[in-house]
1. Out of all DSSP beta bridges with both ends in the chain, state the antiparallel percent to the nearest 5.
2. With angles folded into 0 to 90 degrees, how steeply does helix 184-194 sit against the dominant principal axis of the chain? Use alpha carbons for both and round to 10.
3. Could you work out how far helix 285-307 tilts from the main Cα principal axis of the chain, as a 0 to 90 degree angle to the nearest 10?
4. Summing -39500 (n - 2.57) over the DSSP H runs of n ≥ 4 in the chain and dividing by its residue number, what mean residue ellipticity at 222 nm do you reach, to the nearest 500 deg cm²/dmol?
5. Any chance you could check the Cα centroid distance between the stretch 77-105 and the stretch 51-69 for me, in angstrom?
6. Would you work out which of 5, 81, 98 lies farthest towards the positive end of the dipole of the stretch 4-211? Charges go on Cβ: Lys and Arg +1, Asp and Glu -1.
7. Mind putting a number on the dipole of the chain about its Cα centre? Charges go on the C-beta only, +1 for Lys and Arg and -1 for Asp and Glu, and I need it in Debye to the nearest 20.
Amino acid sequence: MWTLSVCIPLYNTDVRALVAELCSQIDSTSSGQIDLILLDDASIPHFQALNQFANPRVKLAVLPQNVGRAKIRNAFLRHTNADYLLFIDGDSTIKSRTFLADYKNYLDMHPATKVLVGASCYQQNAPAFSRRLRWKYSTKRESLSFSVRKENPTHGFKTNNFLVARKILEQNPFDENLVGYGHEDTLFGLQLQQNQIPIEHLDNPVWNLHIDTNRVFIQKTDQALRNLLWIHANYNLKSLDLQSRLLQQYFIWKKRGGVFLILLKSLSLATLFLKGLLLTGLSPIFIFDVYRLGRLSQLDKNASNNLR
């Protein structure tokens, strides 16, 4: 009989409602097969005090210092001996009353499962304009329907709400050199693809309730672009450019030179203006694409200059 640990990395987040719902589903679904593990990535004392649980099914550990999104996911292997690990972000909300039962039924029917993605989505009601950019990008680009995910199972891999066999994660850990925000999930998904590890999909999403402000999301985007360039420079992954249309477009223009380099330089000079438009929350998603292309050009140039 297989065992499963629901793994929740958290940082400055109140997870009490999430834990209560998962514990309720564990009690009604599991006969000792499923437990819940929380790793706190050195949250401030306020949140450490909030997130205390008496339920024996819940195991909580607080890391002495913040280690980031990649390293904390690898760290769960030291806190569980379960056959499977199900990762859920701490700012998620369970959408279905049969959330864990659906995973259990799938594993019962498919015991050779290696990676299974339940995915996540944002609610359709638009938030305030101060948080509109993140919501707009996620609903239009990241929250893929089950049918789309099934058709292209390796595209747009995300770490919120995915299940992985212990042996697969041990053999394919997250790259801990990626310490900031962004694309640790892209790299992990591409490595699975390169190693011919099948990624299966389940129609079992969670809600993403936390929506960054426009300013915070732009800051995170800059860090994600740095990580994307780092992956491109340090990994020979032919599928990376295909996975990231932005990166593909950038290097096509850079290679062609001439007028395309002039265009990239123009976009680079316009990023401050574009950022101002994005901060309003009123701009179409196309403006965000143009901004990212300009920032990618800036960051790539800075990285090249630092190597000289």
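1. Details: 10 of 31 bridges.
Of those bridges, close to 30 percent are antiparallel.
2. 80
3. 80
4. On the way: 14 runs with 148 residues, N = 308.
So the calculated ellipticity at 222 nm is -14500 deg cm²/dmol.
5. 15
6. 98
7. Details: 36 positive and 25 negative charges, 258 e Å.
Around 1240 debye, computed over the chain.
Only the coordinates and a few stated rules stand behind these numbers; no lab work does. From a predicted model like this one, the values you see are computed outputs, not experimental measurements. With ideal geometry, Cβ positions are generated from the backbone for all residues, glycine too; neighbour counts draw on all protein chains shown.
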